[in-house]
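Worksheet for the structure shown next.
What follows is calculated from the coordinates using simple rules that are stated; it is not laboratory data. Since we're looking at a predicted model, the values are computed, not measured. Quick reminder, even Gly has a Cβ in these numbers, built from the backbone with ideal geometry, and neighbours come from all protein chains shown.
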Amino acid sequence: MMAGWSSAAHGTAVMRTPRATSWTLWLLADASHTPRTLLFLSLAALLGGIAVAVGETHALIISISLLACIFILLDFRIGVVLLIIVMPVSASALFPHAIGGITGLNPLNLLLLGTLGSCVMHRSVAGDAGPLVAPPLIWRYILPMVVAALLGAGHVGAIPAYFQAAGLINYDSSASYLRDLLIKPLFMVLFAVLVGAAMVRTKRLEQLLLPMLLSVWLMGLMTIVFVVLSGASLSELASSQSRGFFSPLGMHANDLGRCYAIAYALMLFTFAASDNYRLRMLLLASMGMVVLALLLTFSRGAFLGFVVVNVLYLISRRRIISLLAGGMVLAGLVLLLPDAVFDRIATGWDGGLNAISAGRVDTIWLPLLPELWSSPLFGNGLGSILWSKAMRAGSILQVTHPHNAYLQVLLDMGFLGLLLVGAYFTHVWKKFRALSRNQALDPLRRGFYEGAAVGLLAFLISAVAGSSLLPVSEQCFLWLAIGMMYGESTAQTGKTDA
């Protein structure tokens, strides 16, 4: 920020450095920036007036987005805060995905690009010499995705027409295929990179933690309010026929549940490490809300992840009192759970493995196994289930993914791809663990990264029955933690770790 002018007690103008205010509000909070603030507020009024005059909601959205980008140019960390808030909800149908019918023109993309441009500019001015993207992220994660996307781009014409007619996919050419299966997922990675760049310049964890909690509340209340307004009973929500209940929100129940489980892990361990009463109360309230939202998804994968997080938490405490207290809380929670939850958990257990997996074994996984040998080393390209022999022969369910994250990587990226992606998440987990044990960090940060390590493990376990090891919406809080981890490591060592 530019130095500002202020008047001394005797009335003489002297030069001073702007005081250290919370950087998310510095533009409005620091009186030394009053002229600049008035300029931007005037611009906001002008853009808003134009939008109202035009009478278009899209014009208003564009004006707000452009105004945000102006503020972001002054400090890219403002954009990172906004991204933390909107990234999770951007996958829902409540968020505008196109403005004026123009594909790709939406507030999230404008925010991402504006923040990236500002970040690059600020790093250049500051003379930051380290790489913006960590090498392991490039070579073990991004590169295999790019190769798999290029392998699959030529197979779009072999996809049965049903998928596009039913609206299950939105691409019909190699270019639109690369847009949807490569570029859009990599925006999640870009989000993490920008968070990492902001984390390097962040002194207090709360500056990123509080926006995350706001995002958690938006995500959780979205589910809770939707269920309340629908009037659906718990037994209806628990039914195996209601897995698409949240489709009007643009998200699947399993996706929402896994997202909540990761957020819960981050908050639980941060809560345990905090000694700030108000922050602990906020975290406790947030955990209660997100657990309710998780239960309402009736996602067995999310239930599994939730159990894994709590079991690992109790094991990590290593104190009899903590184990007893935690066990009593969990026992009380079990007693309070409605019967519908146990009915959902017990679904299929009397019918064998195929019934437990909701038919995945016989109708998806086994028919796809021969596809692994079509290209065992490099795979068949991203989304290869769509043009697989089993799909074209009609011997599997008409689904867009194999409902197993590891099988998906094997099909799309081969054994080499699974090895690289597995090595990447191993690297991430080790970094989380190292930071959680780093005594140079304050307890709050160590607790957050311990929760991130546990959340990652819980996600990888639940991914056996769904989701993806490639970037998807339910991983938003995981990628937030990954970005913070890279930024923390850079701040600690002075360079991006390999």
Checklist outcome for this item: Listing 199, 484, 281 by rising number of other beta-carbon atoms within 10 angstrom, fewest first, gives 281, 199, 484
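Give, rounded to the nearest 20 debye, the magnitude of the charge dipole that the range 439-498 has about its Cα centre when Lys and Arg contribute +1 at Cβ and Asp and Glu contribute -1 at Cβ.
On the way: 3 positive and 5 negative charges, 13 e Å.
Computed about the Cα centre, the dipole is about 60 debye.
Residue 93 to residue 164: extension gain in nm, 0.36 nm per residue of separation minus the Cα-Cα distance?
Extending this stretch completely gives an extra 23.7 nm.
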Checklist entry - When Lys and Arg each count +1 and Asp and Glu each count -1, what net charge do the other residues less than 11 Å away from residue 251, Cβ to Cβ, add up to? => result -1
Checklist outcome for this item: When the charge dipole of the range 135-493 is computed with +1 at the Cβ of Lys and Arg and -1 at the Cβ of Asp and Glu, the Cα pointing farthest to the positive end, of 486, 170, 185, is that of 486
Checklist outcome for this item: Exposure-ranked with fewest Cβ neighbours within 10 Å first, 128, 75 stand as 128, 75
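In what sequence do 251, 287 fall when counting other Cβ within 10 Å, fewest first? Each step should come with its number before you reach the end.
Details: 251 22, 287 19.
With the sparsest Cβ surroundings first, the list reads 287, 251.
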Checklist entry - Given the convex hull of the Cα atoms of the range 135-493, what is a quarter of its surface area in nm²? => result 18.5
Checklist entry - What percent of all Cα-Cα pairs in the range 93-227 falls in each 10 Å bin, counting up from 0? => result 9, 27, 34, 23, 6, 0
Checklist entry - Tally Lys/Arg at +1 and Asp/Glu at -1 over every other residue whose Cβ is under 15 Å from the Cβ of residue 260; what's the total? => result 0
Item to check | Nitroxide proxy distance, nm - points 7 Å out along Cα→Cβ at residue 228 and residue 175 | outcome: 4.6
